[in-house]
Amino acid sequence: MIGAVKFTVSAHTTASCEDVIDVLSEWKSLPEYWHGMREISQSNGGMFKVRFAFPGEGKMSYFCDQESMYCTENYHSGPFTGFKKIQIYENNNGSTITVKWDIHLSFRLLILKRFLTRHFQQGTENALSRIILEAESRIKVTQ
């Protein structure tokens, strides 16, 4: 599709899957990690209103499954629609976090597709670094 943006980014942490999912399940803290998201507020029917760093607002649903170790942001309206899924996998000395984006840009953003894809990828790498830092800081506090 012409406006499709699809990519996956992964990172490793010494934090456990439980520490990572605990960080991600706090929806109010999402803008602390994902700087493209300026504000998030709960709306009606389990929906969230999101104000983005670039001009635009959207509506999304957010779900974290602590048993299956994944969180999904489903974007229903706004400058893009689609989803971002974060999956946490256990490995020998910590865990791996994988973020999969599968979104469709609105018509007005199509001209910026190449730039936005790189921007979202870099933003995802930066967000993973912040999430990992927080999850690993929780290890030190609990030990």
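What follows is calculated from the coordinates using simple rules that are stated; it is not laboratory data. As the structure is a prediction and not an experimental result, all values here were calculated from the model. We place every Cβ from the backbone using ideal geometry, glycine too, and count neighbours over all the protein chains shown.
Note on the range 4-142: dipole from Cβ charges, positive end direction compared against Ser106, Ser95, Gly123; the farthest Cα belongs to Ser106.
Mean projection of the alpha-carbon convex hull of the chain over all orientations, in nm²? So the Cα hull casts an average projection of 8.7 nm². Computed about the Cα centre, the dipole magnitude for the range 87-143 is approximately 320 debye when only Lys and Arg (+1) and Asp and Glu (-1) carry charge, each at its Cβ.
In this label model, Ile111 and His76 are separated by 3.1 nm, measuring between points 7 Å along each Cα→Cβ vector.
A straight Cα-to-Cα reach below 16 Å connects Lys28 with the aspartates and glutamates Glu39, Glu73, Glu134, residues fewer than 8 places away in its own chain not being considered. Each Lys and Arg adds +1 at its Cβ and each Asp and Glu adds -1 at its Cβ; summed about the Cα centre, the chain shows a dipole of about 820 debye.
Secondary-structure-derived ellipticity at 222 nm for the chain, considering helices only, amounts to -9500 deg cm²/dmol, per-run term -39500 (n - 2.57) for DSSP H runs with n ≥ 4. Note on Cys71, Cys17, Cys64: ascending count of other Cβ atoms within 10 Å places them as Cys64, Cys17, Cys71, the fewest first.
For Gly78, what charge total do you get from the other residues with a beta carbon under 11 Å from its beta carbon, if Lys and Arg give +1 and Asp and Glu give -1?
Details: positive: Lys49, Arg51, Lys59; negative: Glu57.
Neighbour charge sum, excluding Gly78 itself: +2.
Sort Val20, Val99, Val9 so the one with the fewest other Cβ atoms within 10 Å of its own Cβ comes first.
Working: Val20 27, Val99 22, Val9 18.
Fewest to most other Cβ atoms nearby, the residues stand as Val9, Val99, Val20.
Can you compute the FRET efficiency between Lys85 and Ala11 using 1/(1 + (r/R0)^6), with r the Cβ-Cβ distance and R0 = 22 Å? Round to the nearest 0.05.
Working: r = 15 Å, r/R0 = 0.68.
The value I calculate is 0.90.
Please state the equivalent ellipsoid semi-axes for the range 30-79: what are the square roots of 5 times the Cα gyration tensor eigenvalues, largest first, in whole Å? Mind showing how you got there, number by number?
Values: eigenvalues 74, 35, 16 Å².
Working from the Cα gyration tensor, I get semi-axes of 19, 13, 9 Å.
The calculated P(r) of the range 1-60, using every Cα pair and 10 Å bins from 0, goes 18, 38, 35, 9 in percent. Relative contact order of the chain, taken over Cα pairs closer than 8 Å and 6 or more residues apart, is 32 percent.
If the segment from Trp27 to Glu136 were pulled out straight at 0.36 nm per residue, it would be longer than the present Cα-Cα gap by 37.4 nm.
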